[in-house]
Each structure stands twice: as C-alpha cells, then as structure tokens.
Amino acid sequence: MTYNQVRQQYRDDGNLNARIHLHARYSTNTYPWFRWVFDHLHLPAAARVLELGCGPGDLWRENRERVPAGWRVTLTDTSPGMLAAARRQVERPVSLSVADAQALPCSGARFDAVLAHHMLYHVPHRERALAEVRRVLKPGGAFYAATNGQRHMLAMWSLLTPFVPDVLERVQRVGCGFTLENGAAQLAPWFEDVALYRYENDLAITDAGAVLAYVRSSNALMDAELSADQWAALAATIDARIAAQGALHVPKATGLFVAT
Ligand SMILES: C[S@@+](CC[C@H](N)C(=O)[O-])C[C@H]1O[C@@H](n2cnc3c(N)ncnc32)[C@H](O)[C@@H]1O
C-alpha cells in the first residue's frame with residue numbers, strides 16, 4: 001500500500017469505524033479489546049503517555065473512568081481528520097497534535113510510555129519510527145504496540161478469491177510489515193525485554209451486510225473493484241454459510257507487544 005493510499009484510507013474515521021463495528025458486534029470474546037489493552041498499562045500514578053497513530057482515540061474513550069488524574073496524555077496521528085474525531089470523542093483533557101511516528105516533534109526522553117496500536121504496519125520506515133520511540137522514552141519506560149497475526153481474518157477474505165484471485169496476497173501485503181510473528185525481531189534491537197500477549201477472539205458473523213461494509217471500507221482490495229453482480233454473489237455466499245452453520249466463523253489473531 002502506498003503512502004497516499006494510507007492517507008486516503010484514514011483521512012477521517014469513517015472507514016475505520018465501519019471495520020470496528022464488525023469487531024464490536026460479532027466478537028466471541030465479550031471482554032472489550034481496548035479494556036484489555038488498557039489492563040496491560042502498568043504505569044505510575046503520575047506519568048506522561050504518548051500515543052502514535054491514535055486514530056479516533058477509542059482507547060481513551062473506552063477507558064475514560066480508568067485514566068489516573070496524574071497522567072498527561074498526548075495523542076498524535078498523521079491524519080487531521082482522525083485527530084478531529086479524537087477531539088470530539090475523548091472527553092478528558094489530552095493534547096492532540098499532527099505528528100508522523102518517523103519524525104516526532106519533541107526533544108529529549110520525556111515519556112513513561114509510548115503506544116502504537118495497529119499502526120506500525122503502515123509506517124514505511126519502521127526502524128526510523130522505533131528509533132524515535134526509543135529517543136522519546138525515559139530510561140525504564142515502556143513501549144506498547146498492538147498488531148495482528150499473519151492469518152488474521154483470512155477466512156473472511158478468502159471468500160473474495162473467486163472475484164479477486166490474489167486477494168489474500170493483497171491483504172497480507174498491507175499488514176505483513178509488523179505482525180505477531182515478526183514484531184519481536186523488529187523490536188529486539190531497541191529493547192532489552194519484549195513480551196507478547198495474545199487476545200483470544202474470533203468472529204461469529206450473522207449478517208452478510210456487515211461483511212460487505214467491512215470489505216468496502218478496506219483498501220486491501222485497492223484497485224480491484226467488484227461489480228454489482230460480484231457484490232451480490234459474495235452476499236449470497238455469506239448468507240448460505242450463515243444458513244448452514246448458524247454464523248460465518250472467522251478466526252482472528254490479535255495481540256500486544258510490551259517492550260521495555
Ligand atoms: C488502523 S488505524 C489505528 C488507529 C488506532 N490506533 C486504533 O487502534 O484504533 C492506523 C492509524 O495510524 C495512522 N498513521 C498511519 N501512518 C502513520 C504515521 N507514519 N505516523 C503516525 N500515524 C500514522 C493513520 O492515520 C490511522 O489513524
């Protein structure tokens with residue numbers, strides 16, 4: 001995926017919200033993802049926290065009553081549209097600024113924690129971003145990076161193979177840069193200790209429309225637009241699967257690296 005495709009995809013929170021809807025509505029794990037992520041933040045009562053690629057700020061919205069008063073939180077993203085969404089929905093006072101993870105506009109080691117959830121696979125020069133994370137982290141600070149595994153949701157994407165024969169390669173190309181499988185090796189040069197925590201969760205989808213909305217919102221297909229007939233055929237395939245099995249079952253692979 002090119003840098004322009006990433007910018008276009010995340011110009012506001014519309015595409016991301018369509019995908020989050022599928023996860024929120026049809027996940028088999030009823031303990032919410034961002035509550036689980038927050039459980040892993042072991043920080044002092046007074047701490048400075050920087051989030052890279054914050055998107056619409058869902059982590060902070062979903063944990064609003066859990067954030068200690070002594071935390072100073074800075075949310076950053078390359079997309080002004082995402083930051084506008086974060087400004088609307090994050091109620092507690094946070095700083096918001098446009099920033100590229102590859103060139104952070106702050107000097108010195110000043111943060112107790114840096115967070116980068118589901119965004120490192122979009123960063124073209126990841127080692128530059130990781131060097132920036134190290135530069136702005138205080139000694140003893142922690143880096144938290146959530147991402148997906150290589151097989152994440154491929155059971156859903158494979159339904160498009162009759163229409164887009166290389167769909168699985170396309171999907172994996174988008175997310176393969178930083179995965180549950182290769183992330184630890186990329187973090188190892190920068191951190192002494194890297195731990196991976198897996199969030200056990202799958203999808204049991206009972207509405208074909210939700211899958212179609214997810215696929216439409218994703219740029220994984222890139223230039224491979226489906227015709228109206230192909231969309232209808234895809235919906236029929238999913239409906240048949242739901243009728244036969246009660247739901248479309250889609251294994252997920254998601255987790256969180258904690259690097260110190
Ligand atoms: C999949 S969204 C994840 C949003 C949020 N972290 C979450 O987990 O819901 C990826 C976000 O990373 C941002 N992004 C992409 N490349 C970036 C970069 N080089 N520096 C900072 N943010 C970036 C996008 O604008 C988008 O908001």
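The values are calculated or read from the model by the stated rules, or taken from the named source; none is laboratory data. Being a predicted model, the structure only gives us computed values, none of them experimental. Cβ placement follows ideal geometry from the backbone for every residue including glycine, while neighbour counts extend to all protein chains displayed. We work out accessible area using only protein heavy atoms, side chains counted, and drop any ligands, DNA or RNA first. Shrake-Rupley method; radii C 1.70, N 1.55, O 1.52, S 1.80 Å.
When the charge dipole of the chain is built from unit charges on Cβ atoms (+1 for Lys and Arg, -1 for Asp and Glu) and taken about the Cα centre, the candidate among Pro251, Cys106, Ala184 whose Cα reaches farthest toward its positive end is Cys106.
Once you've got the GNM for the chain with C-alpha springs shorter than 10 Å, pick whichever of Ala103, Ala208, Ala85 has the biggest mean-square fluctuation. Maximum among the listed residues: Ala103.
In this simple spin-label approximation, Glu127 and Ala244 carry label points 7 Å from Cα along the Cα→Cβ vector, and these lie 4.7 nm apart. How tilted is helix 80-89 with respect to the longest principal axis of the chain? Cα atoms for both, answer in degrees (0 to 90, nearest 10). The angle comes out near 80 degrees. Summing charges over all other residues whose Cβ lies under 15 Å from the Cβ of Arg241, with Lys and Arg as +1 and Asp and Glu as -1, gives -3. In this structure the amide hydrogen of Thr78, modeled in the peptide plane, comes within under 5 Å of the amide hydrogens of Gly53, Ala99, none closer than 5 places in sequence on its chain. Working from label points 7 Å from Cα in the Cα-to-Cβ sense, the Ala188 to Arg61 distance is 3.8 nm. Put simply, the amide H of Ala253, placed in the peptide plane, has neighbours under 5 Å in Gly149, His152, Met153, leaving out anything fewer than 5 places away on its chain. Annotation: for a label point projected 7 angstrom from Cα along Cα→Cβ of His40, residues of segment 167-189 with backbone N closer than 16 Å are 178-188. Taking Cα centre as origin and charging only the Cβ of basic (Lys, Arg, +1) and acidic (Asp, Glu, -1) residues, the dipole magnitude of segment 1-67 rounds to 60 debye.
Local charge for Arg87 was computed over the other residues whose Cβ lies under 15 Å away, with Lys and Arg +1 and Asp and Glu -1, and equals -2. Residue-wise HN-Hα couplings along segment 134-145, as the Karplus relation 6.51 cos²θ - 1.76 cosθ + 1.60 with θ = phi - 60° gives them from phi, are 4, 4, 8, 7, 5, x, x, x, 10, 10, 10, 9 Hz; Gly and Pro carry x.
State, as an integer percentage, the relative contact order of segment 35-155 based on alpha-carbon contacts under 8 Å between residues 6 or more apart. The partial results should precede the final answer.
Numbers: 212 pairs, mean separation 30.8, N = 121.
Reported as a whole number, the value is 25 percent.
Rounded to the nearest 0.05, the FRET efficiency derived from the C-beta distance between Arg72 and Arg151 at R0 = 51 Å is 0.85. Full extension of the chain segment joining Ala18 with Ala224 gains 72.2 nm, where the gain is 0.36 nm per residue of separation less the Cα-Cα distance.
Using C-alpha pairs under 8 Å with a sequence gap of at least 6, the mean separation divided by the residue count of the chain gives a relative contact order of 22 percent. Calculated accessible area for segment 64-159 comes out at 43 Å² per residue, all protein chains present (probe 1.4 Å; ligands, DNA, RNA ignored).
Between the amide H of Arg48 and those of Arg72, Asp112, Ala113, distances stay under 5 Å, these residues lying 5 or more places away or on another chain, with hydrogens modeled in the peptide plane.
Across segment 155-170, rounded Karplus estimates of 3J(HN,Hα) from the backbone phi angles (6.51 cos²θ - 1.76 cosθ + 1.60, θ = phi - 60°) give 4, 6, 5, 5, 5, 8, 3, x, 9, 10, x, 9, 4, 5, 5, 4 Hz, Gly and Pro being marked x.
Which shape class applies to segment 21-96: rounded if a/c is under 1.5, otherwise prolate when a/b exceeds b/c and oblate if not, where a ≥ b ≥ c are the square roots of the Cα gyration tensor eigenvalues? Judged from the Cα gyration tensor, segment 21-96 comes out oblate (a/c at least 1.5, b/c at or above a/b). Per-residue Karplus couplings for segment 233-250, computed as 6.51 cos²θ - 1.76 cosθ + 1.60 with θ equal to phi - 60°, are listed in order as 5, 4, 4, 5, 4, 5, 4, 5, 5, 5, 5, 7, 10, x, 6, 8, 8, 10 Hz, Gly and Pro entered as x.
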